[in-house]
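Each remark here refers to the structure printed beneath this line.
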Amino acid sequence: MGMKEEFSLSLELSRVCSAISPSPTLAIDAKAKEMRLNGRDVVSFCAGEPDFVTPQYIRTAAHEALDMGITQYTPSAGTIELRRAICDKLKRDNGLSYKPTQIIVSNGAKASLFTAISAVVNPGDEVIIPTPCWVSYPEMVRIAGGVPVLVPGAPEKEFVTEACDLEPFVTERTKALILNTPNNPNGCIWNRRQLTEIAALAVERGFYVISDEIYEKLIYDGEEHVSIASLGEDIYNQTILINGVSKAYAMTGWRIGYTAAPLPIVKAMNSMQSQVASGSNSIAQYACVEALNSPKGPAEIERMRGAYDERRRHIVYRINSIPGLRCMMPKGAFYAMMDVSGVFGRYCGEVQINDSMTFAEQLLEQADVAVVPGSAFCTEGFCRMSYATSMENIDRGLNRLKGFVRSLEKRG
């Protein structure tokens, strides 16, 4: 009996992995796909990726790589050609000077983020995360042994948390702040003044800023993207800049992200990456050099950005025309945060809707429309809708959404 108990204990799963919360985004998306397989015509607003095909000039470069036999391992940190192209891009677009040794290429920006967090966070360290936030930030911090400290953003401030909002949450255990601008899930943007004040706070109190800038090219209404690392030498030395090609160039499946940071951080990241990933796809890296360097790039990005802009205005107008729902105009990315709290307390059949998850579940089940509940992004009362889909799909989905909301009953 004793041997059996000892054997069972040895077969216990990792407590770290067992404690990871499943992604609500993927759960809703999986349910929508299951319904489609069963013949349901589901309109999904869950996608966190462009609906465009990767531009032809990039695909052509991938074919060239294959023809030239570029199919072997690359250096763990990425090819020197790609790291140079990234340095050129950061200088050209962001006014930042980095050396190739300060760049590390990873299997997507998500891998870049996790490796960066793992490189700087020790057990018990606190990482400040403004909310609403991308679903993976808190879990990545927990996996690294850190403590996510969630700072709620205010809707009346378009969810932008300023230095004065963050300062009360800074302690002697604060190791980093994760800043995502433009933001997923709500498309807000931190402006130059706000970033300057946050930079001053980080320098004064001595913590890193992990700056996720993956949506930097998807900005509207004349807004400006400012990289916080460009605001002075001190904050440059405390910034871990994360970016990639997935959103701007419609290259989600190519899995290429990158980090630009002080040399000791990149060395630590490379040590970890060399053990767990070896490196990134050689063909994708070759194609990414062309994506970043080609003069065709800006026009292709603008073509996609223009389409998102048109959809953005349309989806927000349609949502705001439905009694009980509200939506702020996002300034970046390709997401809109729909305020559904105005229908809380109403009934869908015998189910009372009192939170965003119930709203999303009933909308999917009753109207075949998939949205992501705000609870996934640590913000209740909202649902995220991606407009990285066709105008036809947007109208089909919004017509169903309107009918669903109209069908909800007030009782008592």
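A few remarks follow.
- Test: residue in segment 71-81 that is within 21 Å of the chain's Cα centre (by Cα), touching a residue at least 60 places away in the same chain (Cβ under 8 Å) and over 30 Å from Arg400 (Cβ atoms): no
- Some residue of segment 54-76 being within 30 Å of Arg384 (Cα to Cα) and assigned to a loop (DSSP other than H, G, I, E, B): yes
- Qualifying residue in segment 140-156 (condition: open to solvent by 10 Å² or more (accessible area, probe 1.4 Å), farther than 26 Å from Ser375 by Cβ and not β-branched (Val, Ile, Thr)): no
- Here Lys99 fulfils each of the conditions (1) touching a Leu at 6+ places or on another chain (Cβ under 6 Å); (2) surrounded by fewer than 21 Cβ atoms within 10 Å (Cβ to Cβ); (3) of a type outside the set (Val, Ile, Thr) apart from (1).
- Boolean, Glu216 is in contact (Cβ under 8 Å) with a residue 24 or more places away in the chain and not aromatic (Phe, Trp, Tyr): yes
- Within segment 357-373, being in contact with a helix residue (DSSP H, G or I) (Cβ under 9 Å, 6 or more places away or on another chain), outside any loop (DSSP other than H, G, I, E, B) and open to solvent by 10 Å² or more (accessible area, probe 1.4 Å) holds for Met357, Glu361, Gln362, Glu365, Gln366, Ala367.
- Within segment 82-121, tally of residues that are over 19 Å from Glu233 (Cβ atoms), hydroxyl-bearing (Ser, Thr, Tyr) and more than 23 Å from the chain's Cα centre (by Cα): 0
- Neighbours by Cβ (under 8 Å, 6+ apart or cross-chain): first from segment 184-204, within 20 Å of Lys331 (Cβ to Cβ) and in a helix (DSSP H, G or I); second small (Gly, Ala, Ser) and open to solvent by less than 60 Å² (accessible area, probe 1.4 Å): Gln194/Ala163; Glu197/Ala163; Ile198/Ala163
- Qualifying residue in segment 171-194 (condition: open to solvent by 50 Å² or more (accessible area, probe 1.4 Å), out of contact with any Ser or Thr (no Cβ under 6 Å at 6 or more places or on another chain) and of a type in the set (A, V, I, L, M, F, W, C)): no
Residues are listed down the side, and each one gets a yes or a no for (1) without any contact (Cβ under 8 Å) to a residue 24 or more places away in the chain; (2) under 21 Å from the mean Cα position of the chain (by Cα):
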| residue | (1), (2) |
| --- | --- |
| Leu263 | no, no |
| Gln275 | yes, no |
| Ala299 | yes, no |
| Met328 | no, yes |
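- Filtered by the rule that a residue be touching a helix residue (DSSP H, G or I) at 6+ places or on another chain (Cβ under 7 Å), at pLDDT 95 or above and not in a loop (DSSP other than H, G, I, E, B), segment 374-400 gives Gly374, Phe382, Cys383, Arg384, Met385, Met391, Ile394, Leu398, Arg400.
- Which numbered condition Ala229 misses (of (1) surrounded by 19 or more Cβ atoms within 10 Å (Cβ to Cβ); (2) in a loop (DSSP other than H, G, I, E, B)): (2)
- Looking at segment 262-336, the helices (runs of 4 or more DSSP H) lying wholly inside it that each contain 2 or more residues that are touching a strand residue (DSSP E or B) at 6+ places or on another chain (Cβ under 9 Å), more than 26 Å from Ile70 (Cβ to Cβ) and among the basic types (Lys, Arg) sit at 297-320.
- Close pairs from segment 333-356: first on the phi > 0 side of the Ramachandran plot and crowded, with 17+ Cβ neighbours inside 10 Å, partner at pLDDT 95 or above and part of a loop (DSSP other than H, G, I, E, B), Cβ under 8 Å, at least 6 apart: Ala333/Pro182; Ala333/Asn183; Ala333/Asn184; Ala333/Gly187; Ala333/Tyr215; Ala333/Leu218; Ala333/Lys247
The values are calculated or read from the model by the stated rules, or taken from the named source; none is laboratory data. Keep in mind the model is a prediction, meaning the values are calculated, not measured. Cβ: placed from backbone, ideal geometry, glycine included. Neighbour counts: every protein chain shown. Please note that ligands, DNA and RNA were not included when accessible areas were found on the heavy atoms of the full protein model with its side chains. Shrake-Rupley method; radii C 1.70, N 1.55, O 1.52, S 1.80 Å.
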